[in-house]
Amino acid sequence: MEKNSKIKRRFALNKIKPYQPGKPIWELQSELDLDQVVKLASNENPIGPSPKAVEVLQHSLSTLNRYPDAHATRLKEVLAAHLSLSTEQFIITNGADELITLISETYLEPDDEIIVLSPSFSEYQFGANLMGANIVSIPLDNRFQFNIHTILSSVTEHTKLVYVCSPNNPTGTYLSSNDLETLLLALPEHVLLVLDTAYSHFATNADYTDGLEFVRSGHQLIVLQTFSKIYGLAGIRIGFGAAPSSIIESITSVKEPFNVNTLAQYAAASAIEDVDHVNQSKLVNTSGRKQLYEAFSRLGLSYIESMANFVFVEIGHEAKRVYERLLEGGVIVRHGDAWEMPEYLRVSVGTQEENAKFIKQLELIKSKAE
């Protein structure tokens with residue numbers, strides 16, 4: 001029988017809540033003995049990974065006896081050419097999650113402050129808690145819109161980082177280009193803006209910006225992006241940050257040397273150049289969002305117009321019951337409890353057939369409740 005450990009863990013860990021991912025398909029199949037399961041819970045690309053990435057993966061397996069390139073040189077070169085930046089302005093990481101932790105390790109001391117918006121991605125708080133920093137949470141405005149004046153009024157001499165997710169997870173709302181520029185110009189020099197644009201490829205409004213134009217013009221911000229969404233490479237964990245070279249240099253000093261595996265580097269470099277796959281993914285998402293909007297309107301459900309590959313829909317006090325009934329029908333979505341929004345569901349955009357199955361199950365649940 002194991003004895004309870006007498007080794008004291010760090011006090012900061014008392015504030016950390018482990019991230020709860022969406023339920024995987026195999027788990028629901030096992031629990032309920034289901035043959036067919038549709039997963040619309042983790043904002044994954046429903047048409048699969050880039051075919052060009054898959055092809056290069058198959059041809060790269062024979063190189064796995066060698067350590068990966070610690071600098072991800074080839075991938076940085078491809079990114080630099082694709083995004084009109086220099087290779088010194090990139091850091092490649094094991095998904096955007098690792099980059100968030102690295103930023104925290106680089107800049108945060110105990111009792112520093114970060115500003116986060118609510119509801120939003122919980123990993124920003126994880127990094128701050130890990131370093132013993134304080135979290136200042138600011139609620140989004142009515143209908144989950146951004147208010148830069150509220151953000152700026154919360155900045156103090158202790159603020160080190162301001163996190164903005166645009167399009168925001170889970171709401172799908174975004175910060176316009178004009179508002180981002182205003183925010184950047186108004187923030188004090190001791191504050192770094194961290195702009196998470198993981199879902200930028202799905203945005204269709206003309207006033208949206210992925211922030212990279214501001215990196216090009218020399219502003220003090222770091223833009224986070226991932227290969228998990230539009231490129232369909234969630235299973236091999238790779239992302240990147242783009243920022244002025246001085247910021248990249250500082251963050252690189254705390255990065256492990258072989259943090260991104262060889263296959264991920266090769267696949268990402270190929271996926272960027274797979275224009276057909278990117279365009280098809282955008283088309284599927286735009287039409288899928290419309291399909292969900294129309295269904296929610298028919299059912300009298302309020303939803304937030306989204307610039308991402310998911311829709312945040314208000315179900316009401318019965319949201320948890322609806323979530324559980326959807327699981328029983330073989331459909332996985334995310335319940336709003338993850339963001340302390342228990343009356344909402346976040347529904348990832350799937351293929352037309354996947355969306356249709358979700359809609360059918362939701363209609364069935366609503367009809368039985370009436």
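The values are calculated or read from the model by the stated rules, or taken from the named source; none is laboratory data. Only a predicted model underlies this, so the values are computations on that prediction, with no experimental measurement involved. These area figures cover heavy atoms from the full protein model, side chains too; ligands, DNA and RNA do not enter into them. Shrake-Rupley method; radii C 1.70, N 1.55, O 1.52, S 1.80 Å.
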Percent carbon-and-sulfur accessible area, segment 1-44, ignoring ligands, DNA and RNA, probe 1.4 Å: 52
As a check on your grasp of the helix formula, calculate [θ] at 222 nm for the chain: sum -39500 (n - 2.57) over DSSP H runs of n ≥ 4, divide by the residue count, round to the nearest 500. -11500 deg cm²/dmol
Of all DSSP beta bridges in the chain, antiparallel share, percent nearest 5: 45
Straight-line reach from Lys8: which lysines fall under 20 Å, measuring Cα to Cα and dropping same-chain residues less than 8 apart? Lys17
For segment 173-324, the percent of accessible surface on carbon and sulfur atoms (probe 1.4 angstrom, ligands and nucleic acids excluded) is 48
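Under the rule a/c < 1.5 gives rounded, and otherwise a/b versus b/c splits prolate from oblate, where does segment 85-220 land using the Cα gyration tensor?
rounded
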Thr73 accessible area, 1.4 Å probe, all protein chains in place, Å² to nearest 10: 60
By its C-alpha gyration tensor, with a ≥ b ≥ c as the square roots of the eigenvalues, how is the chain shaped: rounded for a/c under 1.5, else prolate for a/b larger than b/c, else oblate? rounded
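Averaged per residue, what accessible surface does the chain expose to a 1.4 Å probe, in Å²? Can you show the working numbers first?
Numbers: 17690 Å² over 370 residues.
Counting only protein heavy atoms, the per-residue value for the chain is 48 Å².
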Put Ser120, Ser5 in order of accessible area, largest first, 1.4 Å probe: what do you get? Ser5, Ser120
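Given segment 160-272, what percent of its DSSP beta bridges are antiparallel, to the nearest 5?
On the way: 5 of 14 bridges.
Around 35 percent antiparallel, to the nearest 5.
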I'd like the accessible area for His335: 1.4 Å probe, protein heavy atoms, all chains in place, Å² to the nearest 10. 20
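What is the Cα convex hull volume of segment 179-334 when expressed per residue in Å³? Kindly include the intermediate steps, with their values, before the conclusion.
Working: hull volume 28.8 nm³, N = 156.
Dividing the Cα hull volume of segment 179-334 by its residues yields 184 Å³.
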Determine the distance separating the Cα centre of segment 16-38 from the Cα centre of segment 277-325; give it in Å without decimals. 20
